[in-house]
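What follows is a single structure, written as structure tokens, with notes after it.
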Amino acid sequence: MDAKRIVIKVGSSTLTGDAGTSLNGSAVTKLVDVVANLKGQGKEVIIVTSAAIAAGMAPLGLTERPTDLATQQASASVGQGLLIAKYSAEFTRHNIVASQVLVTGDDLSRDLHKENAKRTLLRLLELGVVPIINENDSVGTEEIRLGDNDRLAALVLQLIGADLLVLVSDIDALYDAPPTQAGANRIAKVTNFADLADIEIGGVGSSGVGSGGMVTKIQAAEIATSSGASMLLTDLAHVEDALAGKDVGTLFTSN
């Protein structure tokens, strides 16, 4: 990929594993290694991370993702610190400075808030920092309802004029049928969203901690490509190969 500025969004299910009983440290390590490699190639990278709610579940003794808003926000409040601490420790191994930026959808829809966020993010990139954007679930509610930050990541891409959005999911690509179904085929590239009209689009994954699904990922792809950017959908195991241009994942382009 020849993209210069990249937004990588990683979902809760990728960072927490089955049922989100704890933060999966090895997944964070793998993602950080991928980002460090991109930085070594002279690319600018922003991470949009989920998993604050999931990361806070174990310390609170929760074994299932809470369904009421107050407990979700409380879990996010506990989990945000744990999540950014792990990211920061992993980036320190590479002598890379990471920062936390907490936003809500409202921050990216109001002009003044949007300009403030844009100015901060661009300055962080100038300083060589990897901004880690986390939905501010402890006070915000929109992202919790909208679905695991897929749309938020696409709006961040638009805001900073990034070239590529990478959605790291628990599914390695878009398929023409549910991936578990016999005969399901990977779709390598999408240039016309009308071609997806007859495809059965899946919902939330099986881990029990995410809130998005394939529908929100395709919506994110539509936002990204409408800005002239591309979007890559893959999983953590294949993200390095996908970024290297190998035939894995699904690439959404505007042409």
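The values are calculated or read from the model by the stated rules, or taken from the named source; none is laboratory data. Note that this is a predicted model, so its numbers are computed, not measured. No Cβ is skipped: glycine too gets one built from the backbone with ideal geometry, and neighbour counts run over all protein chains shown.
Can you name the residue in region 223-255 that is among the hydroxyl-bearing types (Ser, Thr, Tyr) and within 22 Å of Asp176 (Cα to Cα) and is also farthest from the chain's Cα centre (by Cα) among such residues?
Ser254
Scanning region 1-22 for residues that are modelled with pLDDT of 95 or more and charged (D, E, K, R), which turns out farthest from Thr63 (Cα to Cα)?
So, considering only residues that are modelled with pLDDT of 95 or more and charged (D, E, K, R), the one farthest from Thr63 (Cα to Cα) is Lys4.
Taking the condition of being surrounded by fewer than 21 Cβ atoms within 10 Å (Cβ to Cβ), without any contact (Cβ under 8 Å) to a residue 60 or more places away in the chain and over 15 Å from Val166 (Cβ atoms), how many residues in region 25-82 meet it?
Within region 25-82, residues that are surrounded by fewer than 21 Cβ atoms within 10 Å (Cβ to Cβ), without any contact (Cβ under 8 Å) to a residue 60 or more places away in the chain and over 15 Å from Val166 (Cβ atoms) number 17.
What tally of residues in region 214-255 results from selecting those that are in a helix (DSSP H, G or I), surrounded by fewer than 20 Cβ atoms within 10 Å (Cβ to Cβ) and among the small types (Gly, Ala, Ser)?
1
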